[in-house]
Amino acid sequence: MPPDGSTLKPLVRDLAGAALLATGLTRPSRAARDRLTIVTFHRVLPGSLLRGYPLPEIAVSVEEFRWFAEYFAAQYTCGTLAEVHRRWLAGERPARPLLAVTFDDGQRDGFEHARPVLAAVGIPASFFVPVHGVERDELLWHDRMGYAAAWLLRASRAQASALLGVSGSDPHAMLLDAMERAKRLSPADRLALVARVEAAAASSVRPAWDGLMGWEQLRTLAREGHEIGSHSVSHPILPLVDDAQLELEVRGSKERIEAEVGAPCETFCYPNGDCDARVVEAVRRAGYLRAVTTRWGPVAAGADDFQLTRCDIEARRARDRGGRLSRPRLALRLSRYFPGPTP
Ligand SMILES: [Zn+2]
């Protein structure tokens, strides 16, 4: 999980955040007027499920999500990425700046827990879905690994340690360490490791509530005004696949989503944020109008439409030193004065 790039101590950060917001420097109407802000969420879970979710760093609670959504609705002009990007390119710079809320990976909690909040605050959002995941109700590798490794770490620390190649006394730190190591493996080696860890864990460590949205749920979202974009077919690291596979992942997913959802699929989201010149060109050629990465930052004028940057939202980064969600903290983080998390 990305470490915080700021070296400021929490107290200084709170005081600086409050002072900058009070003077208006980080207020979105000023700090983001000439920017297009795209925020990213992964998981939105009720507290009872969040406590059992192995990777809480990429999840927010329903209450936290509501707090963020209300802030965005009050401070920004929100819409699907398709809509706000179109307005942005047309030169619109409203007093409340343009912002899009995006969700990666198509998990069911987006439908069950984020959707009611989005409806309540009146924000249409963009959901990027991997076609195989949707059709097979198959969790992505990081969740499969997370559930299985967390189970194993509880059941047998020694076995988990040997299998995952990590050591330590804090199981959660060991889990995060194992995830980082797995990220650096080749895709084939990573999937083999996930399979080994799953085989070593109990037969069913994935909780019944977790899974991906199906086409019917995606059609409902589209009908309600949300955007459904592509997150490829099988969520591979695209620069590593050959030309034929790349075409299938990019063009094939667009055609499948449009046929099933019945709406244009015009935004692509690179799995793991990874792209190179060949991948970007394939996305452009397939007829998409834009694509998003996982690189940090609000989008400035003149940016490449096929490498749009985003701001990944983590609730703990928006909390002050007392643990409360803090508007000055969030405003500072989303402003141009925040350099972004270090890689
Ligand atoms: Zn993804």
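Looking only at residues of the stretch 114-149 that are hydrophobic (A, V, I, L, M, F, W, C) and open to solvent by 20 Å² or more (accessible area, probe 1.4 Å), we find that the one that is nearest to Arg190 (Cα to Cα) is Trp141.
Every residue, every condition in (1) touching a Lys or Arg at 6+ places or on another chain (Cβ under 8 Å); (2) over 25 Å from Gln307 (Cβ atoms), yes or no:
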position	(1), (2)
Ala59	yes, yes
Ala90	no, no
Ala125	no, no
Pro130	no, no
Gly133	no, no
Glu138	no, yes
Trp151	no, yes
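Listed by first and then second residue, the pairs with beta-carbon distance under 9 Å, at least 6 apart or on different chains, first residue in the stretch 70-83 and free of Cβ contacts under 8 Å to residues at least 24 places away in the same chain, second acidic (Asp, Glu), are Thr77/Glu92.
Would you mind finding the one in Glu70, Glu63 that is within 23 Å of Asp105 (Cβ to Cβ), of a type in the set (D, E, K, R) and out of contact with any Ser or Thr (no Cβ under 7 Å at 6 or more places or on another chain)? Write out each step before concluding.
On the way: Glu70 fails: within 23 Å of Asp105 (Cβ to Cβ).
Being within 23 Å of Asp105 (Cβ to Cβ), of a type in the set (D, E, K, R) and out of contact with any Ser or Thr (no Cβ under 7 Å at 6 or more places or on another chain) holds for just one of Glu70, Glu63, which is Glu63.
In the stretch 159-168 there is no residue that is within 23 Å of Arg51 (Cα to Cα) and within 22 Å of the chain's Cα centre (by Cα). Assessment of the stretch 309-323 against the conditions (assigned to a strand (DSSP E or B), modelled with pLDDT under 95, open to solvent by 20 Å² or more (accessible area, probe 1.4 Å) and more than 20 Å from Ala32 (Cβ to Cβ)) yields at least one matching residue.
Checking each residue in the stretch 324-334 for being aliphatic (A, V, I, L, M), assigned to a helix (DSSP H, G or I) and touching a Phe, Trp or Tyr at 6+ places or on another chain (Cβ under 7 Å) picks out Leu330, Leu332. A single member of Leu50, Leu45 is in contact with an Asp or Glu (Cβ under 7 Å, 6 or more places away or on another chain) and either more than 19 Å from Arg327 (Cα to Cα) or modelled with pLDDT under 95 (or both), and it is Leu45. Restricting attention to the stretch 102-113, the residues being within 16 Å of the ligand (Cβ to nearest atom) and buried (at least 19 other Cβ atoms within 10 Å of the Cβ) number 8.
Can you find a residue that is acidic (Asp, Glu) and in contact with a strand residue (DSSP E or B) (Cβ under 9 Å, 6 or more places away or on another chain) anywhere in the stretch 198-206? Among the residues of the stretch 198-206, not one is acidic (Asp, Glu) and in contact with a strand residue (DSSP E or B) (Cβ under 9 Å, 6 or more places away or on another chain), which makes the answer no.
Only residues that are open to solvent by 50 Å² or more (accessible area, probe 1.4 Å) and either touching a Cys at 6+ places or on another chain (Cβ under 8 Å) or at pLDDT 95 or above (or both) were counted across the stretch 174-225, and they come to 4. Residues of the stretch 226-241 that are open to solvent by 60 Å² or more (accessible area, probe 1.4 Å) and either modelled with pLDDT of 95 or more or aromatic (Phe, Trp, Tyr) (or both): none at all.
Annotation for the stretch 145-161: at least one member residue is in contact with a His (Cβ under 9 Å, 6 or more places away or on another chain) and either more than 16 Å from the ligand (Cβ to nearest atom) or not hydroxyl-bearing (Ser, Thr, Tyr) (or both). For the stretch 251-266, the tally of residues that are without any contact (Cβ under 8 Å) to a residue 60 or more places away in the chain and in contact with a Leu (Cβ under 6 Å, 6 or more places away or on another chain) stands at 1.
The residues of the stretch 253-267 that are under 20 Å from the mean Cα position of the chain (by Cα) and either open to solvent by 50 Å² or more (accessible area, probe 1.4 Å) or of a type outside the set (Ser, Thr, Tyr) (or both), listed by number, are Lys254, Ile257, Cys265, Glu266.
Suppose the filter is without any contact (Cβ under 8 Å) to a residue 12 or more places away in the chain and either away from the ligand (no atom under 16 Å from the Cβ) or more than 17 Å from Pro124 (Cα to Cα) (or both); does Glu216 pass it? Show your work before the answer.
Working: without any contact (Cβ under 8 Å) to a residue 12 or more places away in the chain: yes; either away from the ligand (no atom under 16 Å from the Cβ) or more than 17 Å from Pro124 (Cα to Cα) (or both): yes.
Yes.
The values are calculated or read from the model by the stated rules, or taken from the named source; none is laboratory data. Because the structure is a prediction, the values reported are computed rather than measured. No Cβ is skipped: glycine too gets one built from the backbone with ideal geometry, and neighbour counts run over all protein chains shown. To get the accessible areas, we keep the full protein, side chains included, count just its heavy atoms, and leave off ligands, DNA and RNA. Shrake-Rupley method; radii C 1.70, N 1.55, O 1.52, S 1.80 Å.
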